[in-house]
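The values are calculated or read from the model by the stated rules, or taken from the named source; none is laboratory data. All figures in this text were calculated on a predicted structure; none of them were measured in a lab. Don't worry about glycine lacking a Cβ; one is built from the backbone with ideal geometry, like all the others, and counts go over all protein chains shown. All accessible areas refer to the heavy atoms of the entire protein, side chains included, with ligands and DNA or RNA removed. Shrake-Rupley method; radii C 1.70, N 1.55, O 1.52, S 1.80 Å.
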Amino acid sequence: MKRWGIITTLLAVLLVAAAFRLAEKQGWLSLGAEAESMDGVIQEIALRDSGQKLWVKQDQLYKGDLLLVNSEHKVGAEGTQPDITELAGKPELLGRAALLDHKIELSRRVALKFAAMLDAAAEDGVTHFMISSGYRSEAKQSELYAQKGGDYALPPGYSEHHLGLSLDVGSTEGTMAKAEEGKWLEKNAARYGFVLRYPADKTQITGIAFEPWHFRYVGLPHSVIMQRNHLVLEEYLDLLKEKKTLSTKVDGESYEVCYYSPDEIAQLRVPKNRDYALSGDNRGGLILTVYP
Ligand SMILES: [Zn+2]
């Protein structure tokens, strides 16, 4: 009897230890897990409950706000946002921006965020924005590619414009590199979830020349982390892959970001009591963003 008691206790201890190790691996129980501080942005991961298991469909890996699209990573059929819409005649989506042509389309969700950002710019007296391009179909990109050639346009399938998350925005007052509109966006866009996708000093990494007009929506807190640490999307996704979990504060609110490599996705846990979003990285990984 006594021996069985000892064996049962031992088994129970082993089971609890195994459960803790599993939970720790998933990031939700990582008591003070080490997350390197980068300019004070990334803080210790807080204690979380173990969350609930979520089955992820394969197509989830190829959609979302954090998809990497470049000469090596093509947009898949799932990559385009489901809410693409024309902007012309919709003041709630256009805000204060002028349109170069009335056929310009964008994700409705992203257009709303962009319009809200331009309201903030107007409060600073910056108002002369002009949207010159938004969502592009592969057919439209083919046309552009044929017209402009490989030095000035990406081949169809490899442009971020297929996602519906990117737009080209200029100033009616001059070139974006010099106009107040360009300076304002470069400084402030991250607070609204947008990033200057092709900065002048990252052309080696992005493979694209400086485009002061091309902005990409990635959402909070990603845009802010990228700006604070001076990272483009390629570098940020590499950082996530390496660190696995980041936590950060934006305007005093806490966000958490967890990266799952293809072989870890089966262990995905999502929080029970907080809002979250999932996005693929277009490289087989999955990113969980937990909102305040
Ligand atoms: Zn563009």
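Take segment 206-247 and flag every residue that is more than 20 Å from G280 (Cα to Cα) and of a type in the set (V, I, T). Write out each step before concluding.
Start the filter on segment 206-247 by keeping residues that are more than 20 Å from G280 (Cα to Cα), which leaves 207-214, 227-230.
Answer for segment 206-247, where residues must be more than 20 Å from G280 (Cα to Cα) and of a type in the set (V, I, T): just I208.
Scanning segment 61-73 for residues that are more than 17 Å from Y236 (Cβ to Cβ) and either small (G, A, S) or surrounded by fewer than 17 Cβ atoms within 10 Å (Cβ to Cβ) (or both) yields a single hit, S71. Restricting segment 195-209 to residues that are within 12 Å of the ligand (Cβ to nearest atom) and not hydroxyl-bearing (S, T, Y), which is surrounded by the most Cβ atoms within 10 Å (Cβ to Cβ)? Of everything passing the filter in segment 195-209, L196 is surrounded by the most Cβ atoms within 10 Å (Cβ to Cβ). Before we move on, is K178 modelled with pLDDT under 90 and over 24 Å from R108 (Cα atoms)? The answer is no for K178. Scanning segment 223-268 for residues that are in a helix (DSSP H, G or I), surrounded by fewer than 21 Cβ atoms within 10 Å (Cβ to Cβ) and among the polar types (S, T, N, Q) returns Q227, Q267.
Pick from E160, E86: which is within 15 Å of the ligand (Cβ to nearest atom) and either within 17 Å of R197 (Cα to Cα) or in contact with a strand residue (DSSP E or B) (Cβ under 9 Å, 6 or more places away or on another chain) (or both)?
Numbers: E86 fails: within 15 Å of the ligand (Cβ to nearest atom).
None of the others qualify; the one that does is E160.
Total residues in segment 144-157 satisfying the condition of being away from the ligand (no atom under 15 Å from the Cβ) and within 24 Å of A97 (Cβ to Cβ): the figure is 0.
Which is in the same structural domain as D119 (by TED's automatic domain parsing) and part of a loop (DSSP other than H, G, I, E, B), of E186, E211, E181?
On the way: E186 fails: part of a loop (DSSP other than H, G, I, E, B); E181 fails: part of a loop (DSSP other than H, G, I, E, B).
The match here is E211.
Being open to solvent by 40 Å² or more (accessible area, probe 1.4 Å) and either in contact with a Pro (Cβ under 6 Å, 6 or more places away or on another chain) or under 20 Å from G219 (Cβ atoms) (or both) is the requirement here; does L112 meet it? So L112 passes the test. Between Y135, Y145, Y158, Y152, the distinction of being in contact with a Gly (Cβ under 7 Å, 6 or more places away or on another chain) and either without any contact (Cβ under 8 Å) to a residue 24 or more places away in the chain or surrounded by 14 or more Cβ atoms within 10 Å (Cβ to Cβ) (or both) belongs to Y135 only.
When segment 163-178 is limited to residues that are in a strand (DSSP E or B) and surrounded by fewer than 22 Cβ atoms within 10 Å (Cβ to Cβ), the one that is nearest to the ligand (Cβ to nearest atom) turns out to be D168. The condition (being under 30 Å from G170 (Cα atoms), β-branched (V, I, T) and either at pLDDT 95 or above or in contact with a helix residue (DSSP H, G or I) (Cβ under 8 Å, 6 or more places away or on another chain) (or both)) is satisfied by just one residue among V257, V250: V250.
Under 20 Å from V126 (Cα atoms), open to solvent by 10 Å² or more (accessible area, probe 1.4 Å) and within 15 Å of the ligand (Cβ to nearest atom): is that true of W184 in this structure?
Working: under 20 Å from V126 (Cα atoms): yes; open to solvent by 10 Å² or more (accessible area, probe 1.4 Å): yes; within 15 Å of the ligand (Cβ to nearest atom): no.
No; evaluated as a whole, the condition is false for this residue.
Of the numbered criteria (1) among the small types (G, A, S); (2) farther than 21 Å from K74 by Cβ; (3) without any contact (Cβ under 8 Å) to a residue 40 or more places away in the chain, the one A209 fails is (2). A residue that is within 16 Å of the ligand (Cβ to nearest atom), within 13 Å of the chain's Cα centre (by Cα) and more than 20 Å from Y259 (Cα to Cα) occurs nowhere in segment 233-248.
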